[in-house]
Amino acid sequence: MLIKISKSNQLNENSVTDENIYHSRRKAIKQMGFMGAGALLASSFSNQAQAGFFDDEPETFKTTKLNFTSDNNKELIKTPEKKIISHNNFYEFGTNKTDPQEKAQQFNTNPWQLTLSGECDNPHTLDYDDLTKAFPLEERIYRMRCVEAWSMVIPWIGFPLASLIKKAAPNSKAKYVAFETLYDPKQMPGQASRRVGGGVKYPYVEGLRIDEAMNPLTLMSVGLYGKTLPPQNGAPIRLVVPWKYGFKSIKSIVGIKFLTHQPPTTWNILAPKEYGFYANVNPEVSHPRWSQASERRITTGGLFARNRIATLPFNGYGEEVASLYKNLNLKNHF
Amino acid sequence: MVPKLNFYIKVKDKVLWLKLVIHVSALIPLVNLYFKAFNDQLGADPVEAVIHFTGIGAFNLLLITLMITPIAKRFKLGYLLKTRRLMGLYAFCYGLFHLFNFLAFEVQFDFYLFFSEIFERPYITVGLVALLLLVVLAVTSISVIKRKMGRRWQQLHNFNYLIVLLVAIHFYWSVKSDVTEPIIYWVITLFLLRLRIDKFKSWFN
C-alpha cells in the first residue's frame, strides 16, 4: 500500500487560483492604481506616467513578414521598433503620442483601395494585395525629422513613389500630386470628434510637386522593421519624404491625384504661418514654437541620453534633393 | 467598565495628517516619474514625458493651493489654511523640476539654445516669468521673513493671482492645435479668481 505524505508547503490542484479570478484581480488592482494615483495629480496626462505599471498586454494589430531587399547602410543607429510604434503623431487617433498605439489596434486595413486619378493616362486602383505585390519591395533606412524637433531612424519597407506614378502615366498638365488619408470616423475617433482629433479638418491631405514626388528618395512605405506597417504608423500604405518634416509623410493613403495646381495641405490650412507647403527640413528657418537648429534623436537610453544633435539642411539629404529648389527662396517658401 | 471612546481628533493632528498626505501624494509621483524616465520606461520620449508631467503637475498644485481658502471659508475649516504654504511650495517645486527638465534634458545644457528659446518663444518667456515670481513667493514664505515683512507680505503674495494667469497663458500657447485642455484649465482658473472678486474690487477703491 502506497502511503503519500504531502509536505506542508505542497500545493494541491484545488488551491490553484482559477484563471478568471486571477485575471479579474489584475483588473481590480489596475483600477485601484488609477484611483490612488489620480487623487492629487489627476490629469489627462496621467496615462503615461502610470502606463506599464499594472498593464496587461493590449490586443495588438497583426502584422506580417515582408520580402524585400535590405538596405546595407550600417552607419545610422536605428530607433528601436518599440519606440517607433509607440510614439506617433496620428491625430486621427488622438493628439497624445501614445494615443495612436492605444486606439488604432482594431483598425481594418483589408480590404483597402488606393486610387490614382486626375491628370494621368492610366488612372487605376490598387487593392490591399497589390500594395505589397505590385512593385518589388526594398528597405530604406531613413532619418525622420519631426517639426517638433525630435527625430528617429526608421528602417522602412516600400517602393519608390516614382514607380507608382510611372504606372499611372501622368500627362503634361500634371504639376502637383495630392494625397488623401482615409476618412472613416467610425474607425478613427479623431475624425469623429474635434476634441480628440486636435481641431484638424479631416480627411488629412498632403501634396508634393511632381518632381519632388518623382525623386528616387520619395518612398511609398508598406512596412517597417521587416513587417507590414502597424496602424499607428500609417497602415497599410503611407508616404515617406525623408528631407521634409514628418507631417508631409501622410499616412493610410486612399487617394493620389495628379493636379495642375498646388493642392491644399492640412497643417498649412490649420496654421499657415507655422507650416508651409514645402516644409523642407531647414535649420535656418525656425518655427514659431521650436528652434529647428538642432533636434533630439530618439534611440535608446532614458532621460540621460545625450541625444541633441545639429539638424542638417534637407535632413542630410541635400545631395539628392537640393537641386530641386535651385530657384526657390527657402526662407519664404518654408 | 466600557472605556470612553473619543473620535475627536485635535486640530493640530488634523493638520499634521493632512500635511503627511500632501507630502506623500506629491513626492511619490515624482519619484515614480524619474525612476521610470531614467530606466527608459516612460514611452519613446521620456524627455517630453517628464516635461509635460511636471508642468501640468505644477499647474494642478497651483490651482489646489488657490482652492484651499474658498473651501476653508465655505465649510468653516480654518485649519486647512495651514496647508497653503506646503501646497504652494510643492507647486513651486514641480515648476522648478519643469524648468530643470527643459534645461537638462530638452536643450541638454546648451545655454545658447536655452536663452534663445526663452527670449524667442513667448510661451516660454511667460512661463519663466511665472516661475521667477514663484521663487520670490517661496523665499518669502519662510516664517521669519514673513513676520518681518508685516503687511507687505500679503501684498507680495497677491502676485499668486498673476502667476496663475501667466501659467494659464503659458499652457494655452504651448499647445499645438487642440486647446480643449487649456480651456478647461482657464475656466477653473477664472472661477477661482472670480471667488476673490471683492478683494480685487477693494484694491481699486
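Numbers below:
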{"item": "Region A:205-231, residues that are in contact (Cβ under 8 Å) with a residue 60 or more places away in the chain and part of a strand (DSSP E or B)", "result": "A:V205, A:E206, A:G207, A:R209, A:L219, A:M220, A:S221, A:V222, A:G223, A:L224, A:K227, A:T228"}
{"item": "Residues satisfying the stated conditions in region B:41-83, i.e. outside any helix (DSSP H, G or I), at the interface with chain A (Cβ under 7 Å from one of its Cβ atoms) and aliphatic (A, V, I, L, M)", "result": "B:L42, B:A44"}
{"item": "Output for region A:83-102, where each listed residue is surrounded by fewer than 24 Cβ atoms within 10 Å (Cβ to Cβ) and farther than 19 Å from B:H52 by Cβ", "result": "A:I84, A:I85"}
{"item": "Residues of region B:114-147 satisfying the condition of being more than 10 Å from chain A (Cβ to nearest Cβ) and outside any helix (DSSP H, G or I)", "result": "B:T140, B:S141, B:I142"}
{"item": "Identity of the residue in region B:114-140, of a type in the set (G, A, S) and at pLDDT 95 or above, that ends up surrounded by the most Cβ atoms within 10 Å (Cβ to Cβ)", "result": "B:G127"}
{"item": "Unmet requirement for B:L99, which otherwise passes all of (1) buried (at least 20 other Cβ atoms within 10 Å of the Cβ); (2) more than 18 Å from A:F304 (Cα to Cα); (3) away from chain A (no Cβ under 14 Å)", "result": "(2)"}
{"item": "Failed condition for A:K273, given (1) under 27 Å from A:T79 (Cβ atoms); (2) within 14 Å of chain B (Cβ to nearest Cβ); (3) among the charged types (D, E, K, R)", "result": "(1)"}
{"item": "Enumeration of residues in region B:76-115 that are touching a helix residue (DSSP H, G or I) at 6+ places or on another chain (Cβ under 8 Å) and of a type in the set (G, A, S)", "result": "B:G78, B:G88, B:A91, B:G95"}
{"item": "Residues located in region B:174-197, provided they are without any contact (Cβ under 8 Å) to a residue 12 or more places away in the chain, farther than 21 Å from A:H287 by Cβ and either within 14 Å of chain A (Cβ to nearest Cβ) or of a type in the set (K, R) (or both)", "result": "B:T180, B:E181, B:I183, B:I184, B:R194"}
{"item": "Lone unmet requirement of (1) under 29 Å from B:D110 (Cα atoms); (2) surrounded by fewer than 16 Cβ atoms within 10 Å (Cβ to Cβ); (3) more than 24 Å from the chain's Cα centre (by Cα) for A:S323", "result": "(1)"}
{"item": "Which listed residue, of B:F105, B:F171, B:F200, B:F111, is surrounded by fewer than 13 Cβ atoms within 10 Å (Cβ to Cβ), within 14 Å of chain A (Cβ to nearest Cβ) and hydrophobic (A, V, I, L, M, F, W, C)", "result": "B:F111"}
{"item": "Residues of region A:153-176 classified as within 18 Å of A:V222 (Cβ to Cβ), of a type in the set (A, V, I, L, M, F, W, C) and surrounded by 19 or more Cβ atoms within 10 Å (Cβ to Cβ), total", "result": "8"}
{"item": "Among the residues listed as B:I22, B:I68, the single one being more than 28 Å from B:V175 (Cβ to Cβ) and not small (G, A, S)", "result": "B:I22"}
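Per-residue answers, yes or no, for (1) surrounded by fewer than 23 Cβ atoms within 10 Å (Cβ to Cβ); (2) more than 30 Å from A:K82 (Cβ to Cβ):
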residue	(1), (2)
A:G190	no, no
A:G198	yes, no
A:E206	no, no
A:G223	no, no
A:K227	yes, no
A:P242	no, no
A:F247	yes, no
A:F258	no, yes
A:P264	yes, yes
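The values are calculated or read from the model by the stated rules, or taken from the named source; none is laboratory data. None of these values were measured; they are calculated from a predicted model. Glycine also receives a Cβ, built like all others from the backbone with ideal geometry; neighbour counts cover every protein chain displayed.
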